[in-house]
1. When the residues of segment 55-91 are narrowed to those that are without any contact (Cβ under 8 Å) to a residue 40 or more places away in the chain and of a type in the set (S, T, N, Q), which ends up farthest from E19 (Cα to Cα)?
2. Hey, could you check segment 32-44 for residues that are surrounded by fewer than 13 Cβ atoms within 10 Å (Cβ to Cβ) and assigned to a strand (DSSP E or B) and say which is modelled with the highest pLDDT?
Amino acid sequence: MELHLEELLGQVTDFMKTEANADTVIGKEFQLGEFKCVPVIKVGMGFGSGGGEGTEAKGKKGEGMGAGAGVGIEPLGFLVTRENEISFIEAGKAHGLSAAFEKVPDLIEKLAKNRTLEAETA
């Protein structure tokens, strides 16, 4: 068995370069009214490999190898442009009115607890 570690790692790297980009993860830039939006992602990659050969006590020879790779991809947000203005909108973060609506359940729970406490002390 002939080991071609460099060739294997080259193929894995090429695959990761073609697959781990904003176009394949969350899409290409798009137009939304007068705004141009460009997705921004964070990519982390890791590689590992090992190989060896040896001879057992009976004289039989053996060799082997293994390799692995991992990719972590996270959408960060969008670069948004309008005329000469540019801004960044984070993904997963609530802004403005939607942030207020996300807090409503917590506010209702606090109000209910306060009313319960007031009723118990009255």
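The values are calculated or read from the model by the stated rules, or taken from the named source; none is laboratory data. Keep in mind that this is a model prediction, so the values were computed, not measured. Heads up, the Cβs are rebuilt from the backbone with ideal geometry, glycines too, and the neighbour counts pull from every protein chain shown.
1. The qualifying residue farthest from E19 (Cα to Cα) is T55.
2. If we filter segment 32-44 for residues that are surrounded by fewer than 13 Cβ atoms within 10 Å (Cβ to Cβ), which is where we start, we get 32-34, 42, 44.
Retained after the next criterion (residues that are assigned to a strand (DSSP E or B)): 32, 42, 44.
Details: L32: 84, K42: 81, G44: 81.
Filtering first and then ranking leaves L32.
Residue-by-condition table, conditions (1) modelled with pLDDT under 80; (2) under 22 Å from L8 (Cα atoms):
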residue	(1), (2)
G46	no, yes
K60	no, no
G96	yes, no
K103	yes, no
